[in-house]
Amino acid sequence: MRSLRVRHERPLWVLEVPLLIGGYIAFGLVRAAVDRGGPAATENALLVQRIERALKIDVELPLNQMVLAHPEAIYLTGYFYRLSVLAVPAVLIWLYLARRAHYRQLRTVLVVMTLLDLPLVLLYPEAPPRFSLPGIVDYMATYDILGGAQHRIPRPGINLLAAMPSMHVAWTTWCGYAVWSMLRHHRMAWLAWLFPLLTAFVVLVTGHHYVLDIVAGVALVAITVKATRWLSRRTQSTRPDISRT
């Protein structure tokens, strides 16, 4: 009976894979469709700049200029930005194969937080620093790192004015959380958090996000984790106990 229950509770990969891939493609298309244009995104970016200056956390420009002095850092950060999201499917596969009891919960967190990004982008479009902060050099476009030049050109299917929250940071924070939560009893588990920290640094120096975008991305993950845990406990508490029947 136990083996039958585990088999029933574990999602089949033949269903999971196409659903996740199709969902990600649909997410990108919907995110592009909610593009509200430049004026609102520019105004919101200027507001973020004023808030960061008031809080003295406006570090985007000096960090960007610092990297420009080191050609090797330009390419390292550029490649990291483009390739870091590949960690998401890698962690999903690892969870499915090695941590099946926790796969469903963590996958749900990933899906929910990704869906929550859509209304946020609609309500608060924001031009990234590379478009709205004078002095920022979009070196990924200048050096055309992994198609960086094309990612600066407005075209159907791409929303260039959706920097809030940073989904690069949100997705890699989810990766860090997933790995840490599975290995938390290991003394080196804290190393998992270095991945989102490095991502936060990279999105700043490349001019793709503000500090507040990073904060919003981390908050999105934290709120989703708390909400899904609460909902899971609520569902379990209201589910009838068939063992007593």
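Conditions: (1) at pLDDT below 95; (2) surrounded by 18 or more Cβ atoms within 10 Å (Cβ to Cβ). Residue 78 meets all but one. Number of the miss?
(1)
Just a yes or no: is a residue in region 185-196 touching a residue at least 24 places away in the same chain (Cβ under 8 Å) and of a type outside the set (Asp, Glu)?
Yes: region 185-196 contains one or more residues that are touching a residue at least 24 places away in the same chain (Cβ under 8 Å) and of a type outside the set (Asp, Glu).
Given 144, 138, which one is modelled with pLDDT of 95 or more and charged (D, E, K, R)?
Just one listed residue meets the conditions, 138.
Could you tell me whether region 31-38 includes any residue that is touching a Gly at 6+ places or on another chain (Cβ under 7 Å) and either acidic (Asp, Glu) or part of a helix (DSSP H, G or I) (or both)?
Yes, some residue in region 31-38 is touching a Gly at 6+ places or on another chain (Cβ under 7 Å) and either acidic (Asp, Glu) or part of a helix (DSSP H, G or I) (or both).
To keep it simple, each residue is scored yes or no on (1) within 21 Å of residue 26 (Cβ to Cβ); (2) of a type in the set (Lys, Arg); (3) outside any helix (DSSP H, G or I).
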site	(1), (2), (3)
110	yes, no, no
113	yes, no, no
119	yes, no, no
130	no, yes, no
151	yes, no, no
168	yes, no, no
171	yes, no, no
176	no, no, no
200	no, no, no
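Applying the selection to region 43-60, what residues are more than 22 Å from the chain's Cα centre (by Cα) and assigned to a helix (DSSP H, G or I)?
43, 46, 47, 50, 51, 53, 54, 55
Quickly run through region 119-135 and pick out the residues that are under 14 Å from residue 43 (Cβ atoms), within 19 Å of the chain's Cα centre (by Cα) and among the hydrophobic types (A, V, I, L, M, F, W, C).
123, 127
The values are calculated or read from the model by the stated rules, or taken from the named source; none is laboratory data. The structure displayed is predicted, hence computed values, not measured ones. Cβ: placed from backbone, ideal geometry, glycine included. Neighbour counts: every protein chain shown.
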